[in-house]
Structures are given as structure tokens and as C-alpha cells.
1. Only counting other Cβ atoms within 10 Å, I'd like Y93, Y271 sorted with the fewest neighbours first.
2. When T263, T80 are ordered from fewest to most other Cβ atoms inside 10 Å of their Cβ, what list results?
3. Enumerate the whole-percent occupancy of each 5 Å bin, from 0 to the last occupied one, for all C-alpha pair distances of the range 192-296.
4. What distance in nm lies between label points placed 7 Å from Cα along the C-beta direction at Q209 and R237?
5. For each of S47, S257, count neighbouring Cβ atoms within 10 Å of the residue's Cβ, then give the residues from fewest to most.
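Taken together, the values in this text are just the output of simple stated rules run on the coordinates, not laboratory data. Just so we're clear, the structure is a prediction, and the values are computed from it rather than from any experiment. Virtual Cβ from ideal backbone geometry, glycine too; neighbours counted across all protein chains shown.
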Amino acid sequence: MRGESDYMSGFETPRVGESWWGEAGGLRCGRVKGRTISGGWRWKVASQGSVWLWLNREGSGLLWGDQDRFMLKPGMYAMTGGGGPGEWSCMRYPGSHLVEVVVLSKAWLTERLKRGGEWLHPDLGKWLEEGGSVAFCGLMGVWEKDLCDALQKAAEEKGSTRLLAEARVLEWAAVRFFRGHGEGAVSGGIRGRDPVRRALDLLRSRLDQPLDLVPLAKEVGVAPHHLSRRVSAETGRTLQRHLRRLRVERACEALDSRRMNVTEAALEVGYQSLSHFAKAFREETGKSPSEWLAESRK
């Protein structure tokens with residue numbers, strides 16, 4: 001189901017607009033792209049029967065529904081939707097914008113993920129079984145960035161690139177919708193021979209532990225200096241920076257879910273010092289943990 005665009009005053013050419021591809025089989029991919037000077041651009045989408053994945057690459061804006069509201073800045077992503085007839089609105093602020101959008105129908109997700117049993121994330125499993133709404137916002141990690149790159153290439157080209165993008169969507173779902181040992185097992189099975197991705201998967205599964213390069217490199221089957229160089233060359237971040245990013249991602253999820261306070265979230269992801277946690281959190285998100293928590297509860 002397409003969104004309903006409301007073009008407001010103050011646009012340069014080209015205007016912000018939406019484009020779509022791959023509208024079959026319960027999976028649709030598209031993008032919101034363009035530039036505004038003043039005013040804004042609003043897009044309303046029906047949420048019934050599907051989950052919308054918003055990957056915010058450029059520009060800032062708001063996403064809001066009947067009960068939830070998220071501020072999306074560059075480098076953030078959100079999931080919205082569910083089984084009810086409610087609507088979500090996407091408002092973009094003045095500036096350049098690029099948002100990759102993936103719409104996953106409940107039927108598509110059920111067919112591919114429900115067999116995961118106890119590995120499936122409990123919130124998603126509950127939604128597949130009972131319905132209700134889905135609302136989440138967090139920082140993009142390496143999996144979201146990989147997916148963005150695949151979606152951008154598929155939007156600009158046709159043929160095999162679109163099949164590869166669809167495969168990358170499924171890979172992303174395997175990483176994000178499964179928990180615990182299931183995360184490493186599923187994503188490792190997809191790209192288990194890639195030492196960089198395998199190392200990042202292992203970091204993600206051990207966020208409460210400090211980085212120890214030598215045993216990590218041994219687990220993925222390469223020399224420590226080789227792993228360190230490859231991670232930096234292929235991702236633009238050191239392993240230590242990846243660990244910080246992954247820790248803050250998980251902390252954001254814990255704060256957004258309202259199941260932990262700031263201290264509990266810090267300890268959950270391996271920070272024994274609240275001041276070190278607050279510094280890392282601000283460097284990754286631009287906000288303090290308490291500011292993030294307050295905004296998530298508006």
C-alpha cells in the first residue's frame with residue numbers, strides 16, 4: 001500500500017519524493033529522496049499487516065503513530081507498523097534527504113522466520129502470533145549499512161542486483177529478529193567464511209566482555225594484525241570502535257524497551273563506569289543516556 005505524500009511549501013528541485021521497486025511476494029523496497037529549503041514534507045502510510053523498516057542515511061525527520069514518536073537523524077533506523085489500522089507519518093525537515101525503506105508483510109515474515117522457535121525475538125514472535133503494533137528506533141550498525149548499500153545499488157540498477165538486495169534483506173532479518181545464540185548461528189551460516197563479518201558477529205554476542213584481539217582472531221581463523229587491518233580497511237572503523245557502537249546500539253534498545261534504567265543498560269553492555277558509558281553514548285548518538293531515555297518515553 002503506497003503512502004500519501006503531502007508536499008508543503010519551500011522546495012528546491014528536485015522535490016522530496018518516493019520511488020518503489022520489487023512490489024511482489026510480500027516484500028517491497030523503495031526510497032525517500034530529495035531536498036527541502038523550508039517548510040517540510042509529510043508522508044502518511046497505513047501500518048496494517050506489515051512492518052516498515054526506515055534506514056535514515058541523510059537528513060533528519062520525525063516518525064510518529066498513534067502512541068509512539070521517533071526522531072530520526074542520519075545513521076539511525078526505525079521499525080514501525082503492526083496489525084492495526086493505524087497510520088504512521090513521516091515528516092522531513094529542511095535539507096537533503098535519503099531514506100531507504102523496506103516493507104515486510106506479516107505473511108512474508110511468518111513464512112521465513114516463525115520456524116525459529118525459541119531463537120526468535122520475543123516481541124516479534126508475539127506480534128506474529130497475536131498481532132499488535134511494532135515501534136522501535138536505534139542506531140544503524142554494520143548490518144543496516146550493508147543493507148543500505150545493497151538497496152541503493154538495486155534502486156539504481158536492475159536484474160541480479162535486486163535479487164541480491166532481497167537476499168540482504170533476509171540476512172538483515174536473520175540478524176535483527178533473532179536473539180542470543182541464534183544471532184551468531186544464523187548470520188554465521190550466511191557469511192561464515194568472511195572473517196570481518198564473523199568477528200563483528202562475535203563482538204555483538206559478547207558485548208559485556210572487553211575486546212581481546214588475539215583469541216578473537218584465532219576464532220575467525222586469521223592473524224590478529226591481519227584481522228585488525230581488514231576490519232579498518234573494509235568498514236572504516238577499528239574493532240574497538242565497532243565494539244563501542246554495538247554496545248551503544250544494545251543500550252539504546254534496552255532504554256527504548258523501558259526494561260532498564262541507565263545504570264542497568266550500562267552494566268548490561270559491559271561498562272562498569274557510568275561516566276565512560278555516558279561519554280561513549282554521546283559520541284555515538286550526540287545525546288546523553290538520560291536525554292535518550294527521556295525522548296524515548298515522550
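1. Y93, Y271
2. T263, T80
3. 2, 13, 24, 21, 15, 12, 9, 4, 1
4. Rounded to a tenth, the inter-label distance reads 2.0 nm.
5. Least crowded to most crowded, the residues run S257, S47.
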